[in-house]
Amino acid sequence: MPTTRREFLSALSATLLANKMRLGASRPVPSPAQLEWQRKELALFCHFGVNTFTDREWGEGTEDPRIFNPSAFDADQWASAATAGGFRTIILTAKHHDGFCLWPTATTRHSVAASPWRDGQGDVVAEVSAACRRAGLGFGVYLSPWDRNHPAYGDSPRYNDVYEAQLTELLTRYGDIEEVWFDGANGEGPNGKRQAYDWPRTWGTVRRLQPHAVIFSDAGPDVRWIGNEKGTAGDPCWATVDPMVVPYPGVDGPDVIRMLQHGTPDGLLYRPGESDVSIRPGWFWHPAEDDKVRSVENLLELYASSVGRNSKLLLNVPPTRAGRLHDVDVARLAEFGATLRAWVGTPVVTPVRALDGNGTALGDPRTLLRGGTHDGWSPAGLTGSLSVHWARPTRVDTVSLQEAVGLGQRIAGYRVDLEVNGRWQPASEGTTIGHRKLDRIPAQVATGARLTITEALDRPTVSSLGLHRYPGD
Ligand code: FUL
């Protein structure tokens, strides 16, 4: 790291300056790419490669490329399963730690070109990116820096050139890349050597070749890891972080995990968290796990503990040896998508009146609270309340709140009360809201809801307040 530390700090100060200049804001605000990334809420992760054929999680790098031979590869099937589930992006493991490349690269013979699949003429990255484009989905790549096959690994400058060449191929051949996913694993190479990665160079390459892509690593720079692989963000969860606590990928320790989980209200950088988790116990497909696919209820809980806490959910669904997503997983995704649309996608009440804390009418709540990124309802000062009212008593058990995060994340305390039989009853309270906060509450038959902002770091703007009912309740 020491050789690159200076470059890190200069990149950091450039980002800080850019943050300050954007909208002239006093608090960090998201870049347009970060904002768009978070609004998509759900991305599908696909771990696919030689491990799919060896039934392993981490390949050794010694696998024979001839084992890679999906029998009925169909990237459109992946894309339609993603769409049915409500996912907006697919991120593919173009290369995992075993070093096998899913595209015909000039940097190694250890790739699809040496496999019998499509007579060595196939290109998984090309087919998945094209399927995403046809389906209107974003496309992202995972390129493992750790490479247990490449002979140059551990010979730092030489391997860094190889890695740069691989990244360049991926970022120049397949159209728009929405997210580049950098895993922090740094083990030994085939020669027993460890590699010093050159992150500033790598990130610079992404910026140059795909300026609209967001870069993920545990430390950012655009999107941070949420600190676990359970699909659970911290509560509270700030999009802002202190970069001095998480200065570069691979840095470890309890302070780091706390920062990744919760962010910090006084963080200088806007760096929202991504929650990666698998629909099965493993990241790759294993036949023995076909009956261990998460239930719809469990997936909805993951949504609530990630997206519902101001994070993004990156759900891994691994393709099988056929090169298709398994029927069980496909059915689960479709059911998850339908249930989520019926729950968070469908408010059970349509408020007809909105009043401020003094009882003054605020205009049509549908216009005021329509989920904008830069507008909504704001109290006169840092705190205040708003109530919405609807015509018929209705059973509700979930509150969904959104903050206009385009202005920066500002809300640091809130309370929700429900109007039950003409009286306000406490329903939920919390700290951060951010892009979305989802609170499941004891079911009540209510005619109104009141949101009170109890603490904020700057004048807050609430962009939506939705009342919902969990399907089946
Ligand atoms: C980890 C890797 O070691 C796993 O195999 C998987 O790819 C996961 C998403 O990241 O660090």
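The values are calculated or read from the model by the stated rules, or taken from the named source; none is laboratory data. This is a predicted model, so every value here is computed, not measured. So basically every Cβ, Gly included, is an ideal-geometry build from the backbone, and we count neighbours across all protein chains shown. Keep in mind that these areas ignore ligands, DNA and RNA; they rest on the heavy atoms of the full protein, side chains included. Shrake-Rupley method; radii C 1.70, N 1.55, O 1.52, S 1.80 Å.
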Give me the percent of the accessible area of region 44-118 that comes from carbon and sulfur atoms, probe 1.4 Å, all protein chains in place.
49 percent
Antiparallel bridge percentage (DSSP; both residues within the chain; nearest 5):
60 percent
Beyond 25 Å between alpha-carbons counts as too far, so tell me which of K292/K312; K292/K437; K193/K230; K95/K230 fall in that bin.
K292/K437; K193/K230
Ranked from highest to lowest mean number of other Cβ atoms within 10 Å per residue, what is the order of the peptides 323-330, 95-102, 45-52, 375-382?
95-102, 45-52, 323-330, 375-382
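Rounded, prolate or oblate for region 5-343? Axes are the square roots of the Cα gyration tensor eigenvalues, ordered a ≥ b ≥ c, and the cut-off for rounded is a/c under 1.5.
Cα axes put region 5-343 in the oblate bin.
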Quick check: residue separation of Q425 and N358 times 0.36 nm, minus the Cα distance between them. What number comes out in nm?
22.3 nm
Expressed as a whole percentage, what fraction of the accessible surface of region 125-235 belongs to carbon and sulfur atoms when a 1.4 Å probe is rolled over the protein heavy atoms?
49 percent
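Evaluate E = 1/(1 + (r/R0)^6) for A391 and R134, where r is the Cβ-Cβ distance and R0 equals 41 Å; express this FRET efficiency to the nearest 0.05. Please report the intermediate quantities before stating the final value.
Values: r = 43 Å, r/R0 = 1.06.
My answer for the efficiency is 0.40.
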Once the Cα gyration tensor of region 310-387 is diagonalised, semi-axes √(5λ) in Å
42, 15, 9
Given an 8 Å cut-off on Cα distances and at least 6 residues of separation, report the relative contact order of region 5-343 as a percent.
21 percent
Working from Cα positions, state the angle (0 to 90°, nearest 10) between the long axis of helix 75-85 and the longest principal axis of the chain.
20 degrees
Net +/- balance of residues flanking G192 in space, Cβ distance below 14 Å, scoring K and R +1, D and E -1
-1
Take the Cβ-Cβ distance between D235 and A443 as r, set R0 to 25 Å, and report the resulting FRET efficiency rounded to the nearest 0.05.
0.70
Enter the angle in degrees (range 0 to 90, nearest 10) between the Cα long axis of helix 156-173 and the first principal axis of the Cα atoms of the chain, meaning the one along which they spread out most.
60 degrees
Return one whole number: the accessible area per residue of the chain in Å², for a 1.4 Å probe.
39 Å²
Neighbour cut-off at most 15 other Cβ (10 Å), DSSP loop, GluC sites (Glu not before Pro), region 136-219:
E188
Check which residues have an amide H placed less than 5 Å from D222's amide H, if you skip close sequence neighbours.
I215, S217
Where a ≥ b ≥ c are root eigenvalues of the Cα gyration tensor, a/c under 1.5 meaning rounded, otherwise prolate if a/b exceeds b/c and oblate otherwise, region 13-172 counts as oblate
Specify, per residue and in Å³, the volume enclosed by the convex hull of the alpha carbon atoms belonging to region 324-473.
121 Å³
Taking only DSSP H segments of four or more residues, each worth -39500 (n - 2.57), what value at 222 nm results for the chain once the sum is divided by all its residues, to the nearest 500 deg cm²/dmol?
-8000 deg cm²/dmol
In whole Hz, with x marking every Gly and Pro, tabulate ³J(HN,Hα) for region 411-421 from phi via Karplus 6.51 cos²θ - 1.76 cosθ + 1.60, θ = phi - 60°.
6, 10, x, 8, 9, 10, 10, 10, 8, 10, 6
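I need the trypsin sites (Lys or Arg not before Pro) found in region 104-171, filtered to DSSP loop residues with at most 12 other beta carbons within 10 Å of theirs.
Answer in residue order: R109.
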Using 7 Å Cα-to-Cβ label points, what is the D242/R118 separation (nm, one decimal)?
4.9 nm
With a point put 7 Å past each Cα toward its Cβ, work out how far D255 is from E455 in nm, to one decimal.
2.2 nm
What net charge is computed for the residues neighbouring L143, neighbours being all others with C-beta under 12 Å from the C-beta of L143, Lys and Arg scored +1, Asp and Glu -1?
-4
Say the dipole of the chain comes from +1 at the beta carbon of Lys and Arg and -1 at that of Asp and Glu; which of P211, T360, P442 then lies farthest toward its positive end?
T360
Full-extension gain between R109 and E297, please, as 0.36 nm times their residue separation minus the C-alpha to C-alpha distance.
63.3 nm
For helix 2-21, what angle does its Cα long axis make with the longest principal axis of the chain, in degrees from 0 to 90 and rounded to 10?
30 degrees
What are the trypsin sites (Lys or Arg not before Pro) within region 336-436 that DSSP puts in a loop, where the Cβ has at most 13 other Cβ atoms within 10 Å?
R370
